[in-house]
Amino acid sequence: MKIRTSFVLVIGIVAVLALAACGTTSSGTTPSTSPAQTHAVTKASEVEYKPAPMENWKPPAGSKYIYLTLDDGPGSNTIEALDVLKKNDVKATFFLIGKMIRTREAMVKRIIDEGHAIGNHTYDHADLAVLSKAQIKDQLEHAAEKIGPEAGACFRPPYGAINDKVRQVASKLGMQPVLWNLDTDDWSPNSTGASITAKLLQAKPGDVILAHDAGGDRSGTIAGLKAALPVLIKKGYEFAPVPICVAGTREPIN
């Protein structure tokens, strides 16, 4: 009887030890995710993309479209900008800052749902031209992670600051630079709704317009868009997102 009791006790101890071993890692700590969950997580830095052209994107010759771009959001005036665009049936391209997305995910969803394109404007509006290659890569990748798969194969360097080093890093990440040829100057503290309207009314097919929906009080920009868009549309001008910023244009190769 004693032998049988001891045998049962030994079997019980072995079972407990086996269960404990299954519930811990080799370091003795309980894993927070299952092996399947861990395997499913792929960091952006592990993904390779089809290299993008290093030269600045330009509209094709004879383009009939005006390309309105809005930088630095999502932020204080993004919703108002979206309202004006929707009212005038205008599609634009939003260059988003990665760190601005937290708590504003609904704004990003609305940008996507209403047919606009999204480009990468770095994680925290860094001057890429003064950074190392590793820092440039981190800025663009971190922003891409925050934006998600809806970002296209494009980026806009803050301040328009770009050099060969920036172009090389961005190309390997599948992103082509998009600058502009018509600046509304809405970033200037001296700008007004009237001055921004005047700048916007200079637009013609093939122009890439720089404006902002965040990064400060952009009420002047909103006023300018409200005044200028109906006039430009009445002239017969059409607006379109920058094609390389449309979702799905950034192609992974692994």
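Can you pull the Kirkwood radius for region 95-154, inverse mean 1/r over Cα pairs, to one decimal in Å?
Its Kirkwood hydrodynamic radius stands at 11.7 Å.
Principal axes first, then extents: for the Cα atoms of region 70-213, list largest minus smallest coordinate on each axis, whole Å, largest first.
Taking the Cα atoms of region 70-213, the three principal extents are 42, 30, 28 Å.
Please list the radius of gyration and Dmax for region 197-254, considering alpha-carbon atoms only, with Å as the unit.
My reading of the Cα-based Rg and Dmax gives 14.8, 47 Å.
Name the long-range amide H neighbours of LEU179: under 5 Å, sequence gap of 5 or more, or other chain; modelled H, no Pro or chain starts.
TRP57
Quote the charge dipole size of region 65-245 about the Cα centre in Debye, to the nearest 20; the model charges only the Cβ of Lys and Arg (+1) and of Asp and Glu (-1).
220 debye
Long-range amide H contacts for GLY174: which residues qualify at under 5 Å (H placed 1.01 Å from N, peptide plane, sequence gap of 5 or more or a different chain)?
So GLY174 has HN proximity to ALA52.
Throughout, read-outs are computed from the coordinates displayed, never taken from laboratory work. Computed from a predicted structure; not experimentally measured. Don't worry about glycine lacking a Cβ; one is built from the backbone with ideal geometry, like all the others, and counts go over all protein chains shown.
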